[in-house]
Ligand SMILES: NC(=O)c1ccc[n+]([C@@H]2O[C@H](COP(=O)([O-])OP(=O)(O)OC[C@H]3O[C@@H](n4cnc5c(N)ncnc54)[C@H](O)[C@@H]3O)[C@@H](O)[C@H]2O)c1
């Protein structure tokens, strides 16, 4: 069984990716520090799902702690590292920038050093569409993304370039995946798509930053997880690849309207001032993912939101999490 060290395994993307890998017969050593940036009940719910698999082992650990990580590499001897652990909120990164750098940059550096030391065959790093702020759409991977407009984006850019350095110096096989606004069942309660659903269900006002016309290339979680799994097999030694829906983006207001229809409820929207670090619109060029990974996203926004609503009504609301 191929052994993968996957960080952020109790996070949204880490959990679903682990689940698919476990179904595909991989052995997963999942690492997460279970921090309380958002309601930990969701992380515990995802962990309970993963612990049903015999080929899953969970270690509560912080990627900032190199000594602890080193012990895990020695003990577990993974072949592949997928680093999805991160502080991931654009707005929160303005409030508390330091942890974005200690986790996203130095934590990644710890994993890179240990990956070289342990002769890891493949290193995958999660990056973000937030790097493309100010660029011409659709966003292509070779655009010069050197003006990050949030500490979060700056930390991810730093992690990307450090990963390149470790590829250059030591021949580490690195694939960097830039995700575009990921959503779906058991998603993140700090992100608008789960918050809107929660507020609509409990008939609370829906808070929208800006005028709601900002658009996102919303990408469904299963498509993202499949893209990550495909990247494991990419033999090219260093690549940066977008994973996004790659179609006409959807506005925040449109999302609310779809939810209203699906839930049979009317939203009360409260508009708040736009956050300077928020981008107006995102749209991925996904030709590189098609070409190198043979990847094609399948789920459109209607179907993805329907799945999210179904999950929330069946399971999500019983978890008792708060947004
Ligand atoms: N969700 C999106 O739309 C999106 C978009 C672009 C990029 N990303 C990136 O994808 C990755 C996964 O994001 P997500 O949406 O699943 O976020 P998430 O917050 O749900 O998951 C991240 C997980 O990492 C864990 N973690 C954080 N700091 C840690 C540390 N120091 N040590 C160990 N574990 C730690 C958290 O507890 C959490 O469970 C992140 O790197 C994020 O930046 C996500």
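The values are calculated or read from the model by the stated rules, or taken from the named source; none is laboratory data. Remember, predicted model here, so these are calculated numbers, not experimental data. Because the Cβ atoms are built from the backbone with ideal geometry, glycine has one as well, and the counts that use them run over all protein chains shown.
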Look through 148, 185, 138 and report the one residue that is without any contact (Cβ under 8 Å) to a residue 40 or more places away in the chain and more than 11 Å from the ligand (Cβ to nearest atom).
148
Of the residues that make up the range 228-240, is at least one modelled with pLDDT of 95 or more, near the ligand (Cβ under 10 Å from one of its atoms) and not in a strand (DSSP E or B)?
yes
Exactly one of these conditions fails for residue 7: (1) within 12 Å of the ligand (Cβ to nearest atom); (2) touching a residue at least 60 places away in the same chain (Cβ under 8 Å); (3) under 29 Å from residue 208 (Cα atoms). Give me its number.
(3)
Kindly indicate which of 278, 285 is modelled with pLDDT of 95 or more and under 30 Å from residue 239 (Cα atoms).
285
Within the range 56-78, restricting to residues that are surrounded by 14 or more Cβ atoms within 10 Å (Cβ to Cβ) and over 18 Å from residue 117 (Cβ atoms), the one that is nearest to the chain's Cα centre (by Cα) is 62
Select, from 113, 160, the only residue that is assigned to a helix (DSSP H, G or I) and away from the ligand (no atom under 15 Å from the Cβ).
113
Looking at residue 272 and the list (1) at pLDDT 95 or above; (2) touching a strand residue (DSSP E or B) at 6+ places or on another chain (Cβ under 9 Å); (3) surrounded by 12 or more Cβ atoms within 10 Å (Cβ to Cβ), which single condition is not satisfied?
(3)
If we keep only residues of the range 163-182 that are in contact with a strand residue (DSSP E or B) (Cβ under 7 Å, 6 or more places away or on another chain) and in a loop (DSSP other than H, G, I, E, B), then the residue nearest to the ligand (Cβ to nearest atom) is 181
When you go through 120, 72 one by one, which is the residue that is closer than 21 Å to residue 13 by Cβ, within 15 Å of the ligand (Cβ to nearest atom) and either outside any loop (DSSP other than H, G, I, E, B) or in contact with a strand residue (DSSP E or B) (Cβ under 7 Å, 6 or more places away or on another chain) (or both)?
72
The lone condition residue 91 fails out of (1) part of a helix (DSSP H, G or I); (2) within 10 Å of the ligand (Cβ to nearest atom); (3) in contact (Cβ under 8 Å) with a residue 60 or more places away in the chain is (2)
Scan the range 17-28 residue by residue and report those that are in contact with a helix residue (DSSP H, G or I) (Cβ under 6 Å, 6 or more places away or on another chain) and surrounded by fewer than 24 Cβ atoms within 10 Å (Cβ to Cβ).
20
For the range 206-214, does any single residue satisfy the condition of being surrounded by 19 or more Cβ atoms within 10 Å (Cβ to Cβ), more than 9 Å from the ligand (Cβ to nearest atom) and closer than 17 Å to residue 311 by Cβ?
no
Test for residue 125: is it touching a residue at least 24 places away in the same chain (Cβ under 8 Å), surrounded by 24 or more Cβ atoms within 10 Å (Cβ to Cβ), at negative phi and not in a helix (DSSP H, G or I)
yes
Residues of the range 36-63 being free of Cβ contacts under 8 Å to residues at least 40 places away in the same chain, within 8 Å of the ligand (Cβ to nearest atom) and either in contact with a helix residue (DSSP H, G or I) (Cβ under 7 Å, 6 or more places away or on another chain) or part of a loop (DSSP other than H, G, I, E, B) (or both), which ones?
61
